[in-house]
1. Please build a GNM for the chain, connecting alpha carbons under 10 Å apart, and tell me which residue among Asp72, Asp261, Asp183 fluctuates the most.
2. Using a/c under 1.5 as the rounded threshold, could you call region 164-271 rounded, prolate or oblate? The axes a ≥ b ≥ c are square roots of the C-alpha gyration tensor eigenvalues, and prolate needs a/b larger than b/c, oblate otherwise.
3. Lys232 versus Asn89, label points 7 Å from Cα toward the beta carbon: distance in nm?
4. I need the peptides 262-269, 167-174 ranked by packing, meaning the mean over residues of other C-beta atoms within 10 angstrom, with the highest value on top.
5. Tell me whether the chain comes out rounded, prolate or oblate; compute the Cα gyration tensor, take square roots of the eigenvalues as a ≥ b ≥ c, and use a/c under 1.5 as the rounded threshold.
6. Using a ≥ b ≥ c from the Cα gyration tensor of region 95-184 (square roots of the eigenvalues), is it rounded, prolate or oblate, where a/c under 1.5 gives rounded and otherwise the larger of a/b and b/c decides, a/b for prolate?
7. In Å², and per residue, what accessible area does the chain have when probed at 1.4 Å with the other protein chains present?
8. Please report the carbon-and-sulfur percent of the accessible area for the chain; probe 1.4 Å, protein heavy atoms only, DNA, RNA and ligands left out.
Amino acid sequence: MKIFLKKLFTPNSLQFIVAIFFALFFAIQGHAQKGRSLKIMAYNIHHANPPSKPDFIDINAIAKVIMDANPDLVALQEVDVNTKRSGVNLNQAKELARLTGMNFYFEPSIPFQGGGYGNAILSKFPIEEKAFYSLSAEEGTEPRAVLTIQVTIPGKQKVKFASTHLDFSVSSNTARQAKDLIDYYKKEKLPVIIAGDFNAVAGSEAIATMDSGFTRTCTGNCPPTIPVINPKKAIDFIYFKSKKGFKVIHHEVISETYASDHLPIFAILSY
């Protein structure tokens with residue numbers, strides 16, 4: 001037995017065993033990296049006002065929808081911060097971050113009732129950078145914007161994540177705002193994920209413009225997101241672009257009919 005062990009554990013055999021160990025280790029690591037995924041949600045929260053209860057704010061209901069889906073990144077639209085409508089002491093973005101245990105970023109697209117109204121982002125990852133960009137606005141239309149954050153996701157990959165809400169009143173303005181988004185991120189070297197309420201359907205000029213520069217997590221007849229009862233149109237989308245490549249492994253519309261006038265959308269991207 002001793003002679004056998006001496007022959008087994010010679011210097012050359014030890015080197016071979018160590019080499020096999022590291023080869024297996026890196027193979028397992030590589031397999032784990034290929035299996036990484038990112039969970040994304042987009043949700044127009046209607047300032048946390050359930051359509052069935054006019055003048056009532058239910059921020060806990062919105063938080064529950066988010067927590068049940070357990071996303072890594074959330075793009076929110078129609079968020080009130082310190083407004084008379086929702087409560088001058090209620091910062092909906094901050095409160096949703098507290099309730100979900102996530103980090104947040106909010107900037108108002110417009111001043112409203114003594115506070116602000118616009119987009120927000122929730123992130124499980126620390127927010128490293130923030131940016132606000134105003135979109136084109138035709139005369140008489142409501143100002144719109146896009147928020148962007150930079151985060152580092154598992155695998156030490158840096159990603160830009162954005163939340164936006166395009167105009168609904170004038171289709172030409174909606175299309176121009178989509179072109180703004182394409183131009184704004186055109187030179188971005190990092191992967192970009194942009195999600196929100198685009199107020200346009202597949203086949204429109206706005207969505208055709210977005211499709212020219214980004215990939216949607218749903219194609220063809222995407223599941224409808226409005227109205228919440230018997231939904232008929234898909235206007236909420238998740239888009240992405242990445243040189244290294246994301247792959248869509250799941251897309252769904254969450255059937256939550258109480259908390260908002262939009263159904264939330266949820267997607268899982270592998271990378």
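1. Asp183
2. Because a/c hits 1.5 or more and a/b fails to exceed b/c, region 164-271 counts as oblate.
3. Using points 7 Å along Cα→Cβ, the separation is 4.3 nm.
4. On the way: 262-269: 24.8, 167-174: 17.5.
Highest to lowest by the protection proxy: 262-269, 167-174.
5. In terms of gyration-tensor shape, prolate.
6. Oblate, because a/c is 1.5 or more while a/b does not exceed b/c.
7. Per residue, the chain has 51 Å² of solvent-accessible surface.
8. Accessible surface attributable to carbon and sulfur in the chain totals 57 percent.
The values are calculated or read from the model by the stated rules, or taken from the named source; none is laboratory data. Source: prediction; values computed, not measured. Please note: Cβ atoms are built from the backbone with ideal geometry, for glycine as well, and neighbour counts cover all protein chains shown. In case anyone asks, the SASA skips ligands and DNA or RNA and just uses the protein heavy atoms, side chains included. Shrake-Rupley method; radii C 1.70, N 1.55, O 1.52, S 1.80 Å.
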